[in-house]
Amino acid sequence: MGDTATAADRLRLVTAEPVSRSERKQRTRRALLDGALGLLADRVFATLSLREVTKAAGIVPTAFYRHFASMEELGVVLVEESMQTLRGMLRAARRDKRAFQDVIRASVQLLEEHVREHEDHFRFLLRERYAGTGAVPAAIGLELRLFSSELAVDLARFEYLREWDTEDLHMMAELIVTAMQATVLELIEATGPEATARVVRTAEKRLRLIVLGVPNWQRTSARRERPGDAV
């Protein structure tokens, strides 16, 4: 059928095979998610209607509620799925036993691979992050905070960060996550290998700047906190 098959086309193909009721339900749910994501290529979630999503998935509108309680619930599930790619990258970095500088290079390469493999998910996250209020932007904010918290835990495994308190580790993690968001946007906007290579180099420098600036900030902070020192 080719790469141009719609969510509805894929659903018709798989439901032509003998499957259990549970499998059929999972496939329909998947078709709804894929259909919604396809429609969100160049628009925000708030403009999406239930009828559009069910039409893209090849089902009647009333069947939607067998899978999701509301459009907002569908949007939140899309957020959770989209964040799984970042969590996968974090798990890969967690297993990496190399020095911090090497982990930076490896992490940026992994991020580039994930963005290329799941560009539709990343476009969705970037567009919805500041798209106003509602369940979807709120879910993205929550997922990013959880991601930062997990990263803070992983940072503590590096020897020169083991003496840091929790607040400082979380602050460093938030800086890294913000830098990663900037890199994702630049990767999506990059056209061609040369532009992508420039983004990757800039991303590595950006993260190294954070890492190199941290020890000096710690020393400066410690001096300021001594009794009698000016703030």
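Condition check: crowded, with 16+ Cβ neighbours inside 10 Å, modelled with pLDDT of 95 or more and within 16 Å of Val108 (Cβ to Cβ). Does Val199 satisfy that? It is true that Val199 is crowded, with 16+ Cβ neighbours inside 10 Å, modelled with pLDDT of 95 or more and within 16 Å of Val108 (Cβ to Cβ). Name every residue in the range 45-77 that is farther than 17 Å from Ala131 by Cα and aromatic (Phe, Trp, Tyr), in order of residue number. Selection gives Phe64, Tyr65, Phe68. When Ala106, Ala152, Ala156 are screened for being crowded, with 17+ Cβ neighbours inside 10 Å and not β-branched (Val, Ile, Thr), only Ala152 passes. Only one of the numbered conditions (1) in contact (Cβ under 8 Å) with a residue 24 or more places away in the chain; (2) within 11 Å of the chain's Cα centre (by Cα) is violated by Gly141, and that is (1).
Taking residues in the range 99-126 that are within 24 Å of Asp42 (Cβ to Cβ) and at pLDDT 80 or above, and partners anywhere that are crowded, with 18+ Cβ neighbours inside 10 Å and aromatic (Phe, Trp, Tyr), the pairs with Cβ atoms closer than 9 Å and at least 6 places apart or on different chains are His114/Phe122; Val115/Phe122; Phe124/Phe45. Of all residues in the range 39-68, those satisfying the criterion of being among the β-branched types (Val, Ile, Thr), in a loop (DSSP other than H, G, I, E, B) and surrounded by 11 or more Cβ atoms within 10 Å (Cβ to Cβ) are Val44, Ile59. Check whether at least one residue in the range 138-160 is assigned to a loop (DSSP other than H, G, I, E, B), in the same structural domain as Val211 (by TED's automatic domain parsing) and modelled with pLDDT of 85 or more, and report yes or no. No.
The values are calculated or read from the model by the stated rules, or taken from the named source; none is laboratory data. Quick caveat, the model's predicted, so the values are computed rather than measured. Note: ideal-geometry Cβ built from the backbone for every residue, glycine included; neighbour counts use all protein chains shown.
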